[in-house]
1. Once neighbouring chains are kept in place and the probe is 1.4 Å, which whole percent of the accessible area of the range 94-139 is contributed by carbon and sulfur?
2. Could you give me the ³J(HN,Hα) list for the range 49-66, computed from phi with Karplus coefficients 6.51, -1.76, 1.60 and θ = phi - 60°, whole Hz, x at Gly and Pro?
3. Measure off 7 Å from each Cα along the Cα-to-Cβ vector at residue 81 and residue 52, then give the distance between these two points in nanometres to one decimal.
4. Between residue 140 and residue 160, what FRET efficiency comes out of the Förster formula 1/(1 + (r/R0)^6) with R0 = 45 Å and r the beta carbon distance, rounded to 0.05?
5. Using each residue's phi in the range 149-157, evaluate 6.51 cos²θ - 1.76 cosθ + 1.60 at θ = phi - 60° and report the 3J(HN,Hα) Karplus result to the nearest Hz, with x for Gly and Pro.
6. Assuming a ≥ b ≥ c are the square roots of the Cα gyration tensor eigenvalues, decide whether the range 128-169 counts as rounded (a/c under 1.5), prolate (otherwise, with a/b larger than b/c) or oblate.
7. Output the peptides 131-139, 52-60 sorted from most to least packed, where packing is the average of other Cβ atoms within 10 Å over each peptide's residues.
Amino acid sequence: MTSVHVTALDGVVNVNSLFTVAVFVGLSLATPGQLRSLAGDPACDAGPGVARSLLVLEVVAFSSFLFSSLVAQGLKLALNLINSKDPHDALRAHIDARVLRLGMLASAVGSVVGCVFLMVSMVMVVQIRLGTLGCASNRAAAKATAGLVGLVTTALTVYIGTVFYTFTH
């Protein structure tokens, strides 16, 4: 059913848009003047290497989300244009199922890769704001990172499992 595919692709684009906002928040924290953490111990402050890593990770995450969104938008455009040719059959577009599945899989892979890079970049943000992970005098960064990695990894596992199940059934 084409309307289901278009709705799913809309969801991918909307979620990628939210993640893109997070990327730009991370980019705003990559400036060298903002490397003082809240740990209160100068030994816990992240160095310029962490800020550089943050910038690289954010660019790769943004690129992945943009790739995913553009593929999804392209598929939506194709489905809508094909649907407009047959107004009597508005819920079903005649499109090669392999092309549709491949495009949806590519979009899902782009989103997953973007999420992984965004998660790692958020670990860098935590180190810039709360102190480095190895800082013995302040465990807040390690606790925040553990929560972040645990929740995001669980969510990605569910998402990947759902995509896999959908494509095999």
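The values are calculated or read from the model by the stated rules, or taken from the named source; none is laboratory data. A quick note: this is a predicted structure, and the numbers were derived from the prediction, not measured. A quick note on method: Cβ atoms are made from the backbone with ideal geometry, for glycine too, and the neighbour counts reach across all protein chains shown. Surface areas here come from the heavy atoms of the whole protein model, side chains and all, with no ligands, DNA or RNA. Shrake-Rupley method; radii C 1.70, N 1.55, O 1.52, S 1.80 Å.
1. Percent of accessible area from carbon and sulfur atoms in the range 94-139: 74.
2. Residue by residue, the range 49-66 yields x, 5, 5, 5, 4, 4, 4, 5, 4, 5, 5, 5, 4, 4, 4, 5, 5, 5 Hz.
3. Those two pseudo-labels are separated by 4.4 nm.
4. Efficiency at R0 = 45 Å is approximately 0.90.
5. Each residue's phi maps through the Karplus curve to give 5, x, 5, 5, 5, 4, 5, 5, 4 Hz.
6. prolate
7. Top of the packing list down: 52-60, 131-139.
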